[in-house]
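The structure under discussion appears below in the form of structure tokens.
Just so it is clear, none of the values below were taken in a lab; they were calculated from the coordinates. Keep in mind that this is a model prediction, so the values were computed, not measured. As a convention, Cβ positions derive from the backbone with ideal geometry for all residues, glycine included, and neighbour counts pool all protein chains shown.
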Amino acid sequence: MKLTQVKPGQKGQVLNVAPGHQAKKKLYDIGITPGVEFEMVACHPFKGPIVVNLGNSRIAVGRHLADTVSVRLDS
């Protein structure tokens, strides 16, 4: 499942970021790395950014970047 498919309030874990994608370093720099746990806060309409909580941080990520992130939801 892609990060862009997660609904607000759902929690999960990042599995990976698409290899070779130019944005991988940027995502890693802001804390979106394999194994990190997150909670989806908002998915803004009209291809706007998504907002996630990573620990004590709240991060906004453009949809194009978020679409390169594979996640697993908590059960």
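Can you bin the stretch 10-75 into rounded, prolate or oblate? Criterion: square roots of the alpha carbon gyration tensor eigenvalues sorted a ≥ b ≥ c, rounded for a/c under 1.5, prolate for a/b above b/c, oblate for the rest.
Cα axes put the stretch 10-75 in the rounded bin.
I'd like the Karplus ³J(HN,Hα) series for the stretch 41-51: coefficients 6.51, -1.76, 1.60, θ = phi - 60°, whole numbers in Hz, and an x wherever there's a Gly or Pro.
Once θ is set to phi - 60°, the couplings for the stretch 41-51 become 9, 7, 10, 6, x, 6, 6, x, x, 9, 10 Hz.
In nm, what is the difference between 0.36 nm times the number of residues separating L15 and M1 and their Cα-Cα distance?
4.1 nm
How far apart, in nm, are two points set 7 Å out from the Cα along the Cα-to-Cβ line at I30 and at N56?
2.1
Which lysines have a Cα lying under 22 Å from the Cα of K24, excluding residues fewer than 8 positions away in the same chain?
Those lysines meeting the cut-off are K2, K11, K47.
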